[in-house]
1. When the residues of segment 121-134 are narrowed to those that are farther than 12 Å from Gln152 by Cα, surrounded by 12 or more Cβ atoms within 10 Å (Cβ to Cβ) and of a type outside the set (Gly, Ala, Ser), which ends up farthest from the chain's Cα centre (by Cα)?
2. Sort out which residues of segment 210-235 are assigned to a strand (DSSP E or B) and more than 14 Å from Val263 (Cβ to Cβ), and write them in order of number.
3. Residues to consider are Glu328, Glu357; find the one that is surrounded by 19 or more Cβ atoms within 10 Å (Cβ to Cβ), among the acidic types (Asp, Glu) and touching a residue at least 40 places away in the same chain (Cβ under 8 Å).
4. For segment 223-242, which positions are free of Cβ contacts under 8 Å to residues at least 40 places away in the same chain and among the hydrophobic types (A, V, I, L, M, F, W, C)?
5. Identify all residues within segment 310-337 that are within 22 Å of Asp296 (Cβ to Cβ) and over 18 Å from the mean Cα position of the chain (by Cα); write none if there are none.
6. When the residues of segment 191-215 are filtered to those that are more than 19 Å from Thr241 (Cα to Cα) and within 20 Å of the chain's Cα centre (by Cα), which remaining residue is surrounded by the most Cβ atoms within 10 Å (Cβ to Cβ)?
7. Of the conditions (1) at positive phi; (2) at pLDDT below 90; (3) exposed (fewer than 14 other Cβ atoms within 10 Å of the Cβ), Ser159 satisfies every one except a single condition; which number is it?
8. Give the residues of segment 101-120 that are modelled with pLDDT of 90 or more and surrounded by 16 or more Cβ atoms within 10 Å (Cβ to Cβ), sorted by residue number.
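The values are calculated or read from the model by the stated rules, or taken from the named source; none is laboratory data. Owing to the predicted nature of the structure, the values given are computational and were not obtained by experimental measurement. Here Cβ is always computed from backbone atoms with ideal geometry, including for glycine, and neighbour counts include all displayed protein chains.
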Amino acid sequence: MDTEELEEWKSALSQPDFYEELEELVQNLWDRDDLPTPDYSKEKARIIYHEIIGGPVADTAHPYENRIVKLWPHLAIAAAFIMVVVCAGMFFQAQYNLDTDQNTAKVEDLHPGKTGATLTLANGKKIRLDSAVSGEIAKESGVSVTKTSDGQLVYQLESSSDIRGTNTLSTARGENYILILPDKSKVWLNAASSVTYSADLLDDGIRRVHLEGEAYFEIAKDKKRPFVVSTANHDIEVLGTHFNISSYADESTTTTTLVEGSVKVRKADLSYTLKPNQQSQLISGLFNVKNVNAEDVVAWKDGIFLFEDETLQSIMKKISRWYNMEVEYGEGVDINKLYGGGLSKYNHVSSVLEMLESTKNIHFKIEGRRILVMK
């Protein structure tokens, strides 16, 4: 798409008369099977699609209404989706209303994060997984560790002998990784996170892992051996389910979000059992449980930045971890202002910052690996 065609596209987006035609075009393209699509499950794609064509947001009162900045209308996202289906790799280009005058900060591109992690074995040996070749990369008493051709780490128990020692899988800033545990449970590890576990996963008959940072879990069912995720401040107990935990050391809140099944969050004598689309927030030693759209919370594992009424500070922490950059705030910047929107995590940093700049409320400047946030 050249510059002239892009300008025509932007103009069409701003005309209400085109809304019905655009929506019909989205539906027609969605029903076709011969066009390239983004690389995630059809179920997830359909969820996103229905959110895209869900129509304008109802004009209802919101306790923070004067602090919320929506990054684009639903139909503009729908139009962006059309561009993606036709031209693979252009997913969620949310730049239709960018200000091109000299007051808008021009940012240099920095590459997004990638698949990568470090595996630390019980004997202290460290293995960089992004450079390791596919196949068996380690073998400890009765346990084989294999890297698959698509970059996942798989544990396989080879004997029932006494297996001791712990392993740690850790991602740096700008990395994520997928781990398949000995019980076939699957873990998506987000940037700047780590998960520690025994080589056979067992701790006094309980399947247990220790998490720092953020991870999404799909737990294999085993009624005889419950699965427990321990964080720095509480435990999450489960039999078989899908859920997300965010427990970063630099965050004051630890969240557990349930996608499917049932989990119990527990700290000392306090415990709550979550239902799907509920999120527990542990703040200052107390739990707060609220309803959320769980699919939005776990969008990161499908390669999407999705912000739903999220503070600027929280958004910038995610950007900092994924692009491996430091963030500094200028005088007068409201770090608690709420934003909403989303786009692919695999865009360069310029796309993310320009998306935020399109609100006309904020500007950015990049110096090396530092982002300056300015009014």
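1. Among those that are farther than 12 Å from Gln152 by Cα, surrounded by 12 or more Cβ atoms within 10 Å (Cβ to Cβ) and of a type outside the set (Gly, Ala, Ser), it is Leu121.
2. His210, Glu212, Gly213, Glu214
3. That would be Glu357, the only listed residue that is surrounded by 19 or more Cβ atoms within 10 Å (Cβ to Cβ), among the acidic types (Asp, Glu) and touching a residue at least 40 places away in the same chain (Cβ under 8 Å).
4. Scanning segment 223-242 gives Val228, Val229, Ala232, Ile236, Val238, Leu239.
5. Result: Ile335, Asn336, Lys337.
6. Ser193
7. Of the numbered conditions (1) at positive phi; (2) at pLDDT below 90; (3) exposed (fewer than 14 other Cβ atoms within 10 Å of the Cβ), the odd one out for Ser159 is (1).
8. Matches in segment 101-120: Gly116, Ala117, Thr118, Leu119, Thr120.
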